[in-house]
1. Taking the Cα-to-Cβ direction at Ala87 and at Ile66 and moving 7 Å from each Cα, how far apart do the two end points lie in nm?
2. At 0.36 nm per residue, and after removing the present C-alpha to C-alpha distance, how many nm does the segment from Arg131 to Arg53 gain when stretched out fully?
3. Skip the ligands, DNA and RNA, and give the accessible area per residue of segment 59-108 with a 1.4 Å probe, whole Å².
4. What's the FRET efficiency of Glu124 with Met43 using the Cβ-Cβ distance as r and R₀ = 25 Å, to the nearest 0.05?
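The values are calculated or read from the model by the stated rules, or taken from the named source; none is laboratory data. Quick caveat: nothing in here was measured; it's all calculated off a predicted structure. Backbone-built Cβ (ideal geometry, glycine too); neighbour counts: all protein chains shown. Note: areas computed on protein heavy atoms with side chains; ligands, DNA, RNA excluded. Shrake-Rupley method; radii C 1.70, N 1.55, O 1.52, S 1.80 Å.
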Amino acid sequence: VPPDDSAIAGGMWAKEARQNLRRRIAVRNDVIEGPLSPIACRMDALTPAERERRREVLAALTARTIEVVDTADGIAFVLRADPDTPALAGEFVGYESRCCPFVRFALAVGPDGGPVRLALGGREGVREFLRATFPTGTTRA
């Protein structure tokens, strides 16, 4: 049952709401139990039209890349925060997660027009795969 306005105004839910706003939601592929998919692209996962759109989206994101940084388990793209950058990054994740189900994705949008960060990572071997797939100069975080 949702709280009524007096409960919110009285602060009953204020602390919990602030805590929830501060938390980050992360989908972690490694929490799901079951056999691990191989570290290899599934070339049949996308239709020809989807592959073409993926190329277009990737080109747009590449043009907005400020830097690429190494992370503990992969790489992260720091992207210029144009109005449609978060949507394009989400579209890219939709395509890429079907081709590469072994990759974990995290998308963070900075406050006040700050940069967008798209992190890709995963289990052992994924970082090397990502470096080979997205060859760019990287800098350490």
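1. 2.2 nm
2. 25.9 nm
3. 40 Å²
4. Calculated transfer efficiency: 0.60.
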